[in-house]
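Q: This is the structure I want to talk about, given as structure tokens.
Every read-out reported here was derived from the displayed coordinates using simple, explicitly stated rules and does not represent laboratory data. Fair warning: this is a prediction, and the values are worked out from it, not measured in the lab. Glycine gets a Cβ as well: all are built from the backbone with ideal geometry, and neighbour counts include every protein chain shown.
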Amino acid sequence: MENKNITVTSPLLPPLEEFIPYLKDIWERKWLTNNGNYHEELENALCEYLKVPYISLFTNGTLPLMVALQALRITGEVITTPYSFVATTHSLWWNGIKPVFVDIDPLTCNLDPDKIEAAITPQTTAIMPVHVYGTPCDTLRIQEIADKYGLKVIYDAAHAFGVEIQGESVLKAGDMSTLSFHATKVYNTIEGGALVCHDEQTKKRIDYLKNFGFAGETTIVAPGINGKMDEIRSAYGLLGLKHVDEAIDRRHQIATCYRDRLIGEKGISFISDVQGVRHNYSYFPIFIDAGEYGMTRDELYFKMKEKGVLGRRYFYPLISTFSTYRGLPSAASANLPVATRKAGEIICLPMHPNLLDSDVERILSIIENR
Ligand SMILES: Cc1ncc(COP(=O)(O)O)c(C=O)c1O
């Protein structure tokens, strides 16, 4: 059907009939949340799939960011990127931490390691980078800087489910990494998320923090919050794991098709490939150079929209421009020239496993026939 809207994303939904037996089982057990069987099973299955030793499930991808900061007792100032989803910076604000924005690398759109050191002050306690679009940050350089200044590193890996570099999970970098399993992500539990850490004691502390601080029937060891994932979504997540590889394969095919066709288009560029990466193809971002392409990003975005193709200007506007943050000295656009330019050029094309070849063709012909 020519006129149906093509959405930027569409959830990976497992076949309904495969989910019913899980629901029947949950109804029989009458155990809905608080470390149920499926919760336990999903944590174990995700450790195996993601090749990491410790994972704590959460009810969304924002709470693990907030809890990671609590678990590591981060205070003062944290260096972060303005080119992300707003939850990254909000997690700092909710912990009473001052975000310090540092510009991004034009090739990957990730925090630029060359610019981090100049932003460190005596109040800096951590760095919070984001693996934007699932492209790994320069984790080695960032760790070198963190070690030199005694800083913690918390990666917002919301986009980086299953991403590996030289056969190693990118989630192993830094002190902790967070994941989002929101419905729009490569892998989803409808709403959901996780916090990845590297030792048993830290995992225990995270588990206390996500359950009000309870360390026993009558013992509260920290001002915890309620971040628990329930049994229904844990079961859904277990089932989703069986289908996620197929979904990533389809995303790969679509990304290849987009890239092969658009590579010769004047004024369109992509994120640079990082050597040795197993990507998850979570997004397909393109950047429009208006002078070369002959049309501004917004003109193309609205033309696509008019024709029923819903791209997303992700990430635009920059977090540093929102009212909560724009008064910070580091939020000035003169401090963030690359991020400011990229935010004005970006469109994420529709990318999800339910896209048909004919959808991809329709999207490409709008971009090609300007
Ligand atoms: C980079 C980034 N961080 C954090 C989040 C927050 O995750 P959630 O929506 O699961 O709370 C998202 C979700 O869109 C995200 O893209």
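Q: Considering only region 222-278, state which residues are of a type in the set (A, V, I, L, M, F, W, C) and assigned to a helix (DSSP H, G or I).
A: Keep residues of region 222-278 that are of a type in the set (A, V, I, L, M, F, W, C), which gives 222, 225, 229, 232, 235, 238-239, 241, 244, 247-248, 254-255, 257, 262-263, 268, 270-271, 274, 277.
The answer is Ile232, Ala235, Leu238, Leu239, Leu241, Val244, Ala247, Ile248, Ile254, Ala255, Cys257, Leu262.
Q: Of all residues in region 115-140 being in contact with a helix residue (DSSP H, G or I) (Cβ under 8 Å, 6 or more places away or on another chain) and part of a helix (DSSP H, G or I), which is farthest from the ligand (Cβ to nearest atom)?
A: This residue is Glu117.
Q: Among Leu72, Leu63, Leu50, Leu92, which is the only one that is more than 30 Å from Glu345 (Cα to Cα), within 14 Å of the ligand (Cβ to nearest atom) and within 21 Å of the chain's Cα centre (by Cα)?
A: When all the criteria are applied, what remains is Leu63.
Q: Within region 316-335, track down each residue that is touching a residue at least 40 places away in the same chain (Cβ under 8 Å) and either among the basic types (Lys, Arg) or touching a helix residue (DSSP H, G or I) at 6+ places or on another chain (Cβ under 6 Å) (or both).
A: Of everything in region 316-335, those that are touching a residue at least 40 places away in the same chain (Cβ under 8 Å) and either among the basic types (Lys, Arg) or touching a helix residue (DSSP H, G or I) at 6+ places or on another chain (Cβ under 6 Å) (or both) turn out to be Leu318, Ile319, Ser320, Tyr325, Ala331.
Q: What single numbered condition from (1) without any contact (Cβ under 8 Å) to a residue 60 or more places away in the chain; (2) over 20 Å from the mean Cα position of the chain (by Cα) fails to hold for Leu140?
A: Status for Leu140: all satisfied but (2).
Q: Here is a follow-up. For the subset of region 201-230 comprising residues that are among the acidic types (Asp, Glu) and touching a Ser or Thr at 6+ places or on another chain (Cβ under 6 Å), which member is nearest to Val186 (Cα to Cα)?
A: Asp230
Q: Would you mention how many residues in region 285-302 are touching a helix residue (DSSP H, G or I) at 6+ places or on another chain (Cβ under 9 Å) and hydroxyl-bearing (Ser, Thr, Tyr)?
A: 2
Q: Sort out which residues of region 20-40 are more than 26 Å from the chain's Cα centre (by Cα), part of a helix (DSSP H, G or I) and surrounded by 12 or more Cβ atoms within 10 Å (Cβ to Cβ), and write them in order of number.
A: Tyr22, Leu23, Asp25, Ile26, Arg29, Asn37 - these are the residues of region 20-40 that are more than 26 Å from the chain's Cα centre (by Cα), part of a helix (DSSP H, G or I) and surrounded by 12 or more Cβ atoms within 10 Å (Cβ to Cβ).
Q: More than 27 Å from His279 (Cβ to Cβ), surrounded by fewer than 24 Cβ atoms within 10 Å (Cβ to Cβ) and out of contact with any Ser or Thr (no Cβ under 8 Å at 6 or more places or on another chain): does that describe Lys115?
A: So Lys115 fails the test.
Q: Taking the criterion of being surrounded by 24 or more Cβ atoms within 10 Å (Cβ to Cβ), away from the ligand (no atom under 11 Å from the Cβ) and more than 23 Å from Thr125 (Cα to Cα), would at least one residue in region 218-229 satisfy it? Steps first, please.
A: Kept after step one, since they are surrounded by 24 or more Cβ atoms within 10 Å (Cβ to Cβ), are these residues of region 218-229: 229.
Restricting the remaining residues to those that are away from the ligand (no atom under 11 Å from the Cβ) gives 229.
In the following step, the residues that additionally are more than 23 Å from Thr125 (Cα to Cα) were identified as 229.
Looking through region 218-229, at least one residue is surrounded by 24 or more Cβ atoms within 10 Å (Cβ to Cβ), away from the ligand (no atom under 11 Å from the Cβ) and more than 23 Å from Thr125 (Cα to Cα).
Q: Okay, moving on. Which is in contact with a strand residue (DSSP E or B) (Cβ under 6 Å, 6 or more places away or on another chain) and either buried (at least 21 other Cβ atoms within 10 Å of the Cβ) or assigned to a loop (DSSP other than H, G, I, E, B) (or both), of Thr88, Thr108? Before you say what the answer is, go through the steps one by one.
A: Values: Thr108 fails: in contact with a strand residue (DSSP E or B) (Cβ under 6 Å, 6 or more places away or on another chain).
Among Thr88, Thr108, only Thr88 is in contact with a strand residue (DSSP E or B) (Cβ under 6 Å, 6 or more places away or on another chain) and either buried (at least 21 other Cβ atoms within 10 Å of the Cβ) or assigned to a loop (DSSP other than H, G, I, E, B) (or both).
Q: Follow-up. From the residues in region 141-172 that are away from the ligand (no atom under 16 Å from the Cβ) and assigned to a strand (DSSP E or B), which one is surrounded by the fewest Cβ atoms within 10 Å (Cβ to Cβ)?
A: Glu168
Q: Are there any pairs with C-beta distances below 9 angstrom linking a residue in region 185-213 that is closer than 30 Å to Met351 by Cα to a residue that is more than 16 Å from the ligand (Cβ to nearest atom) and part of a strand (DSSP E or B), with the two at least 6 apart or on different chains, and if so which?
A: Every condition considered, the pairs that remain are Leu195/Tyr54; Val196/Tyr54; Val196/Ser169; Cys197/Tyr54.
Q: Can you confirm whether Thr202 is within 16 Å of the ligand (Cβ to nearest atom) and in contact with a strand residue (DSSP E or B) (Cβ under 9 Å, 6 or more places away or on another chain)?
A: no
Q: Which ones in region 302-346 are polar (S, T, N, Q) and either under 30 Å from Asn5 (Cα atoms) or in a loop (DSSP other than H, G, I, E, B) (or both)?
A: Step one: filter region 302-346 for residues polar (S, T, N, Q), giving 320-321, 323-324, 330, 333, 335, 340.
The answer is Ser323, Thr324, Thr340.
Q: Which residues, taken from region 173-190, are near the ligand (Cβ under 10 Å from one of its atoms) and within 24 Å of Glu117 (Cα to Cα)?
A: Scanning region 173-190 gives a single hit, Thr178.
Q: Further question on the same structure: With (1) part of a loop (DSSP other than H, G, I, E, B); (2) farther than 23 Å from Ile154 by Cβ as the list, and Ile286 as the residue in question, which single condition is left unmet?
A: Every condition holds for Ile286 apart from (1).
Q: Something else: Among the listed residues Thr184, Thr218, which satisfies the condition of being of a type in the set (Ser, Thr, Tyr) and under 16 Å from the mean Cα position of the chain (by Cα)?
A: Thr184
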